[in-house]
Structures are given as structure tokens and as C-alpha cells.
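Heads up, the thing below is written out as C-alpha cells.
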Amino acid sequence: MSDTVLTAQDLAKSFGGVRAVRGVSFAVAAGEMLALIGPNGAGKSTCFNMLNGQLRPDGGRVLLRGQNIAGLPPRRICRLGVGRTFQITATFASMTVRENVQMALLSHHGEAWRLWRPARTQRIAEAQALLEQTGMAAQAGRAACVLAYGDLKRLELAMALAGNPSLLLMDEPTAGMAPDGRTALMALTRRLAAERGLAVLFTEHDMDIVFGVADRILVLDRGELIAQGSPAAIRADARVRAVYLGSGATSGGH
Amino acid sequence: MTFLLLQALTGLASAATLFLVAAGLTVIFGVTRVVNFSHGSLYMLGAYIGWTVLGHLPRTPWGFALGVAATAVALAVLGSLLEMTLLRRLYRAPELLQLLATFGVVLIVQDAAQAIWGTEDLPLPRPPWMRGFIVIGAERFPSYDLLLIAAGPAVLAALWLLLHRTRWGTLVRAATQDRAMLAALGVNQRLLFTSVFALGAGLAGLGGALGLPLGSANLQLDLSVITDAFVVVVVGGLGSVPGAFLASVLIGVLQAAGVALVPKATLVIVFVVMAVTLVLRPHGLLGRGGTLAREAEAPALVVPATLAARWLGLAALAVLAAAPLFAGPFAVAVLTEAMIAVLFAASLHFMMGPGGMASFGHAAWFGIGAYGAGLAATLLAWPLPLALLGAVLTAGVVAALFGWFVVRLSGVYLAMLTLAFAQIVWAVAQQWTDVTGGDNGILSVWPSGMLADPRAFYWLTLALCTGGALLLRRVLFAPAGYALRAARDSALRAEAIGLNAAHLRLAAFALAGAAAGLAGGLDAFSKGSVFPTYVSIGRSVDALLMVLLGGVQTMAGPIVGAMVYTGLYDLLLQTVALWRLVLGLAIVTLVLAFPQGIAGALRRGQA
Amino acid sequence: MLNVSELHSFYGRAHVLQGVSFQVAPGEVLVLLGRNGAGKSTTLKSLIGLLRPRAGRVEFGGVNVAGWEPHRIARAGMGFVPEDRRIFTGLTVAENLETGRQPPRPPLPAWTPARLFALFPNLGQMASRQGGRMSGGEQQMLTIARTLMGNPRLVLLDEPSEGLSPLIVEQMAHAILALKQAGVTMLLAEQNLHFAARVADRAVVIESGRIVWAGTMAGALADAASHLQV
């Protein structure tokens, strides 16, 4: 792996004596799409939340381009170049689509505390460019609270990109979307990752998506990494089949 | 040593009645998600009804027990009626409107109780059996207090069994989490809610009757009890009965110890307990986080004023500026008051609307500003500009200090704590007579020189208040205001784009406090005096009514609301004897008619 | 068993259901297919009464229950399993089951915790565990078991496979087929075609608040490839 963006080393976390994550290590490279899968309760969310700052690891390190970010609050991690999308979309409902992106840009440039010039007149061109890239330009003037769900997901993507991140963390990016919308969103992500050299780490339950777009797959079970590798290798892994994939009868044969 | 033990026991005894009230409040909140402001009124009614009932019963222990039980049942019935006529219609309303409507009930009960029982304190004559005591060391300790001390744990145990060992209790606990789901499982929520409310009201009645021998039935009970109960419930953790018990014991004992050791510091102790708890455990001693999720209402898009609106505003400003040239002194006085109200309402709107921080004690900052200016002008003999600056800074700094403890809290917690804080400021103003003059207030706070002319003072007020309100508005449209709104819309996303939500909210809190302080300072100079009423709950409610009348979602709302409200209020005060009753009924009616606020109703009407 | 005709529902001012009509026959499993926002959840919520339909009829066992309150509809024998597994996290498994308990409905045998633990063996091992300390899959099983405690004649399931790992989805399919064997009629809202294919007898497809297709599940699968955008 030539250009490693994020390295997790020996991550561990316990909740009231229950060891939710025990010694997980992996790396993501620029331009790579890495999927994190596993049974419900395997520790995916815990793992994810230690990377994005929502949780402080009990042990281990999280290196973002060599700098340890473990235990930093989410806003600091964001400023260091980590963008996020959420399982349930989180945008600013009282603002227009463009204002949402402008807000993200203002924060990224350290201008969020300015008190005088109206916010809506600032960083318009940059915001518009991001909306073009995510296919949201036509809806720039609409209120975020009236958008269709798929469009909210794309708005989140635009807001995440406003911070010019080197790593994108996507928590169940296609949850709650129809199959064709899922494919389109992940194709867009894939293209943006390639264009920007963006490392993408995502969790996902839709096996069509996981096996369709991921370059590599990590499998967690009971807090431990039980397998990692190419989609083909994961699909063939007997242990992964036993704890997670099953026969494939209800998940499209994967 | 004996002395301290006795104080601790006295504290435990007073904790018992406090626990009964707080337990009812917390159970009702847990299930219905309504913070019942009128719970203190139910306690007060318990005391009054208990007084009447016990007066007609034999003065034996059994007669007393029967009377107390009858009072509790009577309150349970009254509570059910209240739930069925009012609360039931409020379950889907925003929490501030719920607080406001139940405050309307407080006003109604006040006037009703006064009409029935009069303004005199009504102590319960203690029968001989109640005057018994035991001897601890060399001191006497009343047996009745021991009875009260036992009552607390007994009620706690009974409640626990009721909630954990019966089907009703299981359903109640399920309803605290997800009432819609429970309905879909075939449970009649209406019945459940009414029964819960009856239980809570019954507990308040029980507390009122049991507490009667310690003091008397009087018209101050409602607000003093509700303030303590809010603190207990917040410290214990909203919805947690054992938490309420722990907190009431903690506060009861500390208060008693405080009375004995540092009498002046009693109020401060309550506040310190609250602050320490919330810093260490933001959801209270036994509260659980994350159970307070409510269905958020979709916030409206915020757009700059249209050109027409700007011209309209400018024209209005011109008329206001010219008013003293053709209006009489009374009109100028009313206009001055209205202008002060505009800034006061705008400052509340700033933190409540875009800031998303509900405040039920905004009078605290107004009062601190007023006292700051008043003291600076009289004690220090500062000139008006300096005194006003002092008012702004004092209010802003205190708001920042208080805000530091509370800005991480959400909705109901914040509303209750701001109220409790305002009550503490009010009590300090009333009791620290050496400095504040107590109920006599600070007099002769008149502007000097050119500003002694009411018209000149009006122009100054107009300039400062519209200037202040416009400045707040400017900030709202600047990046900082957007960032504040972002933190309100989605704290998760705000953090994920690098915003520090807590700092933004703190800054907004301090700024709103400073602006309210300016309004208070101006009011002090305009009236020439400062009284504890400047910090009263009524003043906080005034601000809330102004903002809610105009609509939280619109930026011009608080300005219009303040002007309309000031006019109506002056009219009401001059013409109606039972003004509290009328105001209370008006509030309840308004909330029932427009559960989403008047502006919300207007917007719906247009679309 | 269920006859829905011309159902109209609104969220605020949004006209979400624009005249939905379909039937469910006793003993069958019908799946409601459609993309996000098409009106699947809204349909189920309108049936159970969590959302009051503005117009239309919901005949359930021959009685029009449209406009009834949810608890009355539930007591009439309609069970609802929500999409976001709204179990009571502060209550134990046994207490969760208790919240759903309603009188039996002869001649069908009453559901008891013992019978449900036989159907969902995992739950039996954790009867006194708090709902909040269960995994997503276990919570989903508990949601279904809790609804069955009301002895419903018809069960509405909102996206039972959403957010579950493939292995758990497989177990879910087994459970639903077992329920069908036990004589429970079911109406599912789903997006997961693979899952629907496994459990459903018939399908209706909803798009923009209207039913645009109805037929057998096999027919739906054949059409999905060509023109049904589900």
C-alpha cells in the first residue's frame, strides 16, 4: 500500500466489562474503498465511532497520515481532514441546500465566528462547485428539509467534501434507500474517491453494494477482525459464511 | 454534634414533602413528557384542602390520617380533571407551550385560592398528640417530624412496587419510552395518562397535607415548592423516582445544615448542588441520557426581510422617533416601556429561536441588569452611560458563568434550570436587604441632566433598543448566527463540519443575557426604581408570551409580539381586578387555540 | 381478512397515500414493495391507526376501522411490527412481552412466552435481560414476539430485514414462514427483493402513493427485471 491515509492499530474498547472491540488493526489507502461488515453487535459501530471521535478508545492508536487522532473530539478530527456521512442523514433543516454547503465551507476556512457580513453572500462559487460535483446544483435554492432522501444523502456528501477531506467515513451510506438509488450513490462516491484520491471507509448491510463497490472488505465478529481481503476472498471464507453471510438465499447469492 | 444531627433530621423531614411533590412531577413527566408547572399549585391546593378537611375531622391521629388520605384522593380527582380538560390537548405541543399553559393554570389557581381561602396564612392548629417529641442529647425533636422522615422511604417503596411489580407499572414504564408503540400494542394511553396524572396529583396533595403541620397553607406555596421540585427533579434525573428521593434528601439536608451554619448561603447551596451535579452527571444523579428525544418540528427556512418589509420597518421607526413631538407624557411612557420590551423579547428570541435554548427564567438577566444599573447609579453614583454599561457587562458575565453549566443540556432541563436560577436571583434580591433593599427596592434611580426629560430618555431608549435588536438580527444572518442555527438543527452534523456547538451556544447565551441586561438597566432608569418583581417568574413569562405571540420562527416576531403584549397588558392591569385569573385563562386559551404559536398558524393559513 | 379501498393519507400537507386499494386473504403473506418514500410505511401506519387516514376504508374482519385509535384497532386483532424495532429498552424481555399481552382469540391457540421462546430460542435464554442490551437481530425477534402476545389475526411488518446481517435475515425468513404455518396472516413492507421472494405469496407494488402493480410474488420477480423499479 503506497499511500496510506488511515491506520488503526490495536483498537480496543469495553463497555461496563463487555469487550466490544478487541485489538482491531487495519489501514486504508488513498483512492481505496474499504467496507467494514459483520453481524449486528459485532463492534462495527464502536469501531467506527472510535475513528470519528464519538468514542475514546481504551487502547490502541488511530493514525491519520501519521498523526494520532485517537480520543480527539469529532470537530478536531474533522478539521484534520475526515469527512463523514451518517446512517440517518444529518443536515441543517432550516437552511437551503447551498447554505448547508456554505456553512460547511465557512467552518472549514475558520470563518464560522464572523459577526457582520451575511453568511449567504459568502463562498457561493465554491459551494456551487461542490453541488455540481454531487449532482445537486439544480436544487441549490431549496430548503434542506424538503429534499428526497437520496438527495439528502448527496447533500451530506457535498458537505463532507467541503472540508477537503483525505478520508471519508460513511456509516451505512445506503440505509433506507431503494436499490437503484443505492447503486447510484455508491457509484458517485467511487468516482469522487478516484478523482480526489479520497480514502473511503464504510459500513454496509447490502451485500450487493459491498461486493459491488468495495476494493477490500474487513469482517468483524465479536469485536475481532476475523477476515480481510478482496471481495472474492471474503465470499469464499468459510468462517465469514458461518457467522455472517449464511447461505446467501436472502441476500442475492453473495 | 447533637445540633448537627438535629439539623440533619429536620432536613430529612422537609425532604419528605419535597420528595412527594417531586416524585409526582417526575412520574408525570416520565410518561406524558409534560413538565407540569402547576404541580406546585396542586401542592398548595393540597395544603388548603387539607386545612379545610382536617378542620372538620376529630383531632385524633386517625382523624388526621383520614383527612390526609381524603385530601390526596381529592387532589387525584382534581388532577384527573386537569388532565382531561387541558393536559390531554397539549401532549403534541412544543414543550415551552406546555410550560406556558400549565403556568396559566398556576395563575388561575392563585386567584381561585385567594377568592376561596383569602390572603391570610392558614396554620393548622396542632392537636396534643402532634406536639409530642423525643429527646436527642439535650434537645427536643418533634415526633411528627419522625413520622415525615419515615413517610419518604415508605412512599418510595410503594411507588417502586407499583412500577415494577404490576402490569400497570410495566405499561407506565413502557409509555415513558414510546407511547405510540404502546398504543399500537393495544394499550389505551388515555386511561394510562389520566391515571398517571391522578397518581402524581395525589402525591402532591399528600405532600401538601402532610407538610401542613410544619408551616401553613398560604398563597406563596405554589411557586416556592415548584422551584425546589424542579431542582430536585433535575438533580435526581428527569423521570427517575429513586433519583428524586436521593436529590430531595441531599437538598433537604444541605439546606437545613445551611440554615444552621451560614443562613445567608441557603439559596446558594441549592444552586451549587445543582451546578455540581450537572457538571458531573449532565442527566442527573440517576437519569439516563437520550430518553428525552422528542419529535422535532421542522424548522422554517430563515430568509432576509423583503424590501417592502424593510421600508415598512423604517417607516415605523420614523413614526416612533417622531412620537414625542405629538404624543402626551403617558404615551411616551408606554412607548418607552414597549421599546424596552422589544429588546427584552428580541434577546430571548435570539437564544430560544435560532439558539434552540428554551428559557423560562429570562427575567434573571433583565433583573441583574436592572439591579446592576440601579446599584451603580445609587451606591456608586455612576452616570447613566457607565451604569448601563455596568448592567450589560454584569448580566453578560453572569449569563456566561451560568451558561457554562447548562448550555450542553437540552430543552426541558434548560427551561427548568433557567427558571430555578431566576428564582434564586429573585430570592437574593428579596433577602439580601443590606444591598438590594429587599421588598422596598432601590429608589431614586433617575437619569440626570438632559436625559431627565422623559422625551430625551425615550429617544435614548429607542436608539439603544432598536439598535440592540437590529444588532442581534445582524448577527443571526452572519456566519456566527448560521453556525448557531446549524448547531440547533443538527448538533451531530455541526460537530462533523468542525463547529464547536457548546461554545456557540455559550456565546449566544451570554449575548442574549447582556442584551436583556441592557433592557433591564434602561427599565430601572425609566421607572426610577428597582424591585424584586423585576426578576419574578411573571416577568420571564411576559418575555415568553411576547416571543410566542409573535412566533419563534420569524425574526420580526418578537418585535411585533412585544408591542402588542405591552399594550394589552397595560390595558388588562388597569381594568380588571382578577387580572391573574384573566391572564391565566387567556394563556390557556391561546395555547389551546394555537398549539404551534400564532405565527405558525398564520403561516399555515397563508399556504 | 383485510380490504383496503381508496385510502388517502397526509403528512402535514404532503399527500402521501393517494388512493391505495388492495386485499389480504386469510393465511397468506402479502408483500408491499416500493422504494423509499413511495408510501409503504405510511400505508402500514394508516392501517394500524398511528396515522389517521384522511379518506378511504380499511375493512378488517368486515368492520371499517379507518379513523379508529390505534389501541382499538390493535385490540380488534391487528398487530404492528415497526421498522425501527421500537422495543422498550428499559424493560426486560419478559416485561416487553407483557406490554403486548392481550386476551386470547379462540379458536386460535393463545401465544404465551413459552410458545414464543420455542419459536425464537434466542429470546428464551435472555428472558430477564434488558431490551437495550440485546443485539439488533435479537431486538427484531423481540419486536415480533411482543406483537404476537396480542394474539393478532393479521400482523403488519415494516421492513423486518432492514439493517440486519444476511445470516439474521435468513433466520427472520424462517421465523416468518413458521408463523405462516401457525396460521398468522401477514402484510410485509419490504425493499429487499431477495427476502420478499423467500417469504411472500403475493406482492403489490406501491409508487408515489398509488398501487401500480399486483400479482403473485413469482410474477413480481419476473417483472422486476424489466420495468418494476423496486
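Some points to look at:
- Dipole-positive endmost among B:PRO242, B:ALA456, B:LEU20 within the protein assembly as shown (Cβ charges, Cα centre): B:PRO242
- Cα-based helix-to-principal-axis angle, B:266-280 vs chain B, degrees rounded to 10: 80 degrees
- Global form of segment A:90-164, assessed from the alpha-carbon gyration tensor, a/c cut-off 1.5: prolate
- Compared with the dominant principal axis of the Cα atoms in chain B, helix B:557-575 is inclined by about 70°.
- The contact between chain B and chain C removes approximately 1900 Å² from the accessible area (both sides summed; 1.4 Å probe; ligands, DNA and RNA excluded).
- Estimated 222 nm signal from helices in chain B, with DSSP H stretches of n ≥ 4 weighted -39500 (n - 2.57), rounded to 500: -24500 deg cm²/dmol
- Across the protein chains, with a 1.4 Å probe defining accessible surface, the residues B:ILE108, A:ILE124, A:ILE88, B:ILE537 rank A:ILE88, A:ILE124, B:ILE108, B:ILE537 from largest area downward.
- Model label points for A:VAL146 and B:VAL435, set 7 angstrom from Cα along the Cα-to-Cβ axis, are 5.4 nm apart.
- Once both labels are positioned 7 Å from their Cα atoms along Cα-to-Cβ, the gap between B:ALA69 and B:ALA381 label points is 7.0 nm.
- Residues of chain B were split at every exposed loop site, defined as GluC sites (Glu not before Pro) in a DSSP loop with at most 16 other C-beta atoms within 10 angstrom, and the longest piece left, sites excluded, is B:298-607.
- Carbon plus sulfur fraction of accessible area for the protein assembly as shown, probe 1.4 Å, in percent: 62 percent
- In segment A:156-254, the GluC sites (Glu not before Pro) that fall in loop regions by DSSP, at most 12 other Cβ within 10 Å: none
- Helix-only arithmetic for chain C: the sum of -39500 (n - 2.57) across DSSP H runs with n ≥ 4, divided by the residue total, places the mean residue ellipticity at 222 nm at -10000 deg cm²/dmol.
- Taking all protein chains together and rolling a 1.4 Å probe, A:THR7 ends up with roughly 40 Å² accessible.
- Charge dipole (debye, nearest 20) of segment A:90-164; +1 at Cβ of Lys and Arg, -1 at Cβ of Asp and Glu: 160 debye
- At least 10 Å² of accessible area lost relative to the chain alone, listed for segment C:53-77 with a 1.4 Å probe: C:GLU69, C:PRO70, C:HIS71, C:ALA74, C:ARG75
- Taking 0.36 nm per residue of separation and subtracting the current Cα-Cα distance, fully stretching the chain between C:LEU108 and C:TYR11 would add 31.2 nm.
- Helical contribution to [θ] at 222 nm, DSSP H n ≥ 4, -39,500 (n - 2.57), averaged over chain A, rounded to 500: -9500 deg cm²/dmol
- Loss of accessible area when A meets B, both sides summed, Å² nearest 100, probe 1.4 Å: 3000 Å²
- Cut-off of 10 Å, at most 16 other beta carbons, DSSP loop: longest stretch of chain A lacking such trypsin sites (Lys or Arg not before Pro): A:143-221
- Qualifying chymotrypsin sites (Phe, Trp or Tyr not before Pro) in segment A:79-136, where qualification requires a DSSP coil assignment and no more than 15 other C-beta atoms within 10 Å, comprise A:TRP116.
- Taking every DSSP bridge with both residues inside the protein assembly as shown, close to 60 percent are antiparallel.
- Sequentially through segment A:51-59, phi angles give Karplus couplings (6.51, -1.76, 1.60; θ = phi - 60°) of 6, 8, x, 5, 10, 9, x, 6, x Hz, Gly and Pro residues having no value and appearing as x.
- Put C:HIS15, B:HIS39, C:HIS174, A:HIS205 in order of accessible area, highest first, and with a 1.4 Å probe you get C:HIS174, C:HIS15, A:HIS205, B:HIS39.
- For B:ALA363, the shell of other residues with beta-carbons less than 12 Å away shows a net charge of -1, using +1 for Lys and Arg and -1 for Asp and Glu.
- The modelled label-to-label distance between C:HIS174 and C:LEU221, using points 7 Å beyond Cα along the C-beta direction, is 2.0 nm.
- Over chain A, Cα pairs under 8 Å with separation of 6+ residues give a relative contact order of 26 percent.
- Relative contact order (percent, whole number), chain B, Cα cutoff 8 Å, 6+ residue spacing: 21 percent
- Restriction of the trypsin sites (Lys or Arg not before Pro) in segment C:28-71 to DSSP coil positions whose beta-carbon has at most 12 other beta-carbons within 10 angstrom yields no sites.
- Test item: Cα-centred dipole of the protein assembly as shown, Lys/Arg +1 and Asp/Glu -1 on Cβ, debye: 780 debye
- Based on Cα contacts under 8 Å between residues 6+ apart, segment C:86-202 shows a relative contact order of 29 percent.
- Anisotropy class of segment B:377-529 from Cα gyration tensor, a/c 1.5 cut: oblate
- Rounded FRET efficiency, nearest 0.05, which uses the C-beta distance separating B:ALA260 from B:ALA577 and R0 of 41 Å: 0.40
- Solvent-accessible area per residue for the protein assembly as shown (1.4 angstrom probe, square angstrom): 38 Å²
- With Cα atoms, 0 to 90° folded angle of helix B:501-527 axis to chain B main axis: 80 degrees
- For segment B:368-441, the square roots a ≥ b ≥ c of the C-alpha gyration tensor eigenvalues yield an a/c of 1.5 or more together with a/b not exceeding b/c, which makes the shape oblate.
The values are calculated or read from the model by the stated rules, or taken from the named source; none is laboratory data. All values derive from a computational prediction rather than experimental measurement. With ideal geometry, Cβ positions are generated from the backbone for all residues, glycine too; neighbour counts draw on all protein chains shown. All accessible areas refer to the heavy atoms of the entire protein, side chains included, with ligands and DNA or RNA removed. Shrake-Rupley method; radii C 1.70, N 1.55, O 1.52, S 1.80 Å.
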